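Working notes for the structure below.
Readers should treat all values here as calculations from the given coordinates under stated rules, not as data from a laboratory. Model, not experiment: these values are computed from the prediction. Methodologically, a virtual Cβ is constructed for each residue, glycine included, from the backbone with ideal geometry; neighbour enumeration extends over all protein chains shown.
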Amino acid sequence: MALTRRDVLRLGGAAAAAMLPCGAQAASNRVEEAIAQFSGGATPRDGGVVLEVPEIADNGGAVPVRVAAEGARRIALFADGNPSPGVVVFAFGSLATPAASTRIRLAGSQNVIAVAELADGTFRKTTRAIVVTAGGCG
């Protein structure tokens with residue numbers, strides 16, 4: 001029996017899918033890697049960051065977000081369900097108020113994580129869950 005081109009494509013696709021990590025685990029690994037890259041490998045402690053997001057977003061294409069952290073040099077936002085978890089990094093000068101607001105795109109219901117680098121070199125984080133009723137990164 002000779003293999004057809006269609007058989008080869010099916011086998012190749014199945015082999016490639018078998019090598020990929022499972023969905024939730026892969027997303028978790030991607031966001032953990034992105035946070036580690038931002039923090040230089042330091043583990044952020046919980047708290048110390050104010051993250052304001054709606055509990056339910058009607059449109060995943062434009063979700064309003066406000067973030068602040070007293071004494072922060074930088075604040076990064078991550079979305080653990082997006083294809084690319086890193087959303088934005090805000091950098092603040094010594095005279096700036098460490099707060100920012102923006103709108104972000106979310107692929108669906110997921111967690112938004114804010115990680116702040118404080119002036120003393122430590123990292124803090126806060127996580128909020130958002131339910132998205134219409135997709136934005138499809």
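The table for this structure:
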{"read-out": "Modelled FRET efficiency - R0 25 Å, residue 45 with residue 109, Cβ distances, 0.05 increments", "value": "0.45"}
{"read-out": "Hz values of 3J(HN,Hα) by residue in segment 62-77 - Karplus curve (6.51, -1.76, 1.60), Gly and Pro given as x", "value": "8, 9, x, 9, 10, 9, 8, 8, 4, x, 7, 8, 9, 9, 10, 10"}
{"read-out": "Net charge contributed by nearby residues that have their C-beta within less than 12 Å of residue 70 (K/R +1, D/E -1)", "value": "+1"}
